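Notes to accompany the following structure.
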Amino acid sequence: MRLPSVVRLAYRLFRDDRVPLRAKAVTLGVIGLVLSPLDVPAWIPVIGEAGAALAIVNVLDAFIMAAPRHVVREHIRDLGLEHQLRVS
């Protein structure tokens, strides 16, 4: 249920120059790996499409946590997601 809100916030953070490039690159790499049609990562315990969506939400959560707090709060406020997403 959090996927739409997390994706909207992550998209805004990806476009923000204040978020470290390394966090963006790692996040895109993991998402690419999860969505890859190749079954290379057989060691990852992810089963089915729901597992892939859960993995993407988790990596986006990690990306959001790697971004500067004040930047995340600003985008949450601008998107009107104060009640859906909380950042400590």
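The values are calculated or read from the model by the stated rules, or taken from the named source; none is laboratory data. Note that this is a predicted model, so its numbers are computed, not measured. Note that we place each Cβ from the backbone using ideal geometry, even for glycine, and neighbour counts take in every protein chain shown.
Modelled with pLDDT under 85 and either part of a helix (DSSP H, G or I) or touching a strand residue (DSSP E or B) at 6+ places or on another chain (Cβ under 9 Å) (or both): which single residue out of Ala53, Ala62 fits that description?
Result: Ala53 is the single residue among Ala53, Ala62 that is modelled with pLDDT under 85 and either part of a helix (DSSP H, G or I) or touching a strand residue (DSSP E or B) at 6+ places or on another chain (Cβ under 9 Å) (or both).
Please enumerate the residues belonging to region 1-17 that are at pLDDT 85 or above and surrounded by 11 or more Cβ atoms within 10 Å (Cβ to Cβ).
So in region 1-17, the residues at pLDDT 85 or above come out as 4-17.
Scanning region 1-17 gives Ser5, Val6, Val7, Arg8, Leu9, Ala10, Tyr11, Arg12, Leu13, Phe14, Asp16.
With respect to the numbered conditions (1) under 12 Å from the mean Cα position of the chain (by Cα); (2) at pLDDT 85 or above; (3) surrounded by 15 or more Cβ atoms within 10 Å (Cβ to Cβ), which one is the sole condition not fulfilled by Leu81?
It is condition (1) that Leu81 fails.
Can you tell me which of (1) modelled with pLDDT of 90 or more; (2) of a type outside the set (D, E, K, R); (3) closer than 15 Å to Asp78 by Cβ; (4) not in a loop (DSSP other than H, G, I, E, B) is the one Ala23 doesn't meet?
Every condition holds for Ala23 apart from (3).
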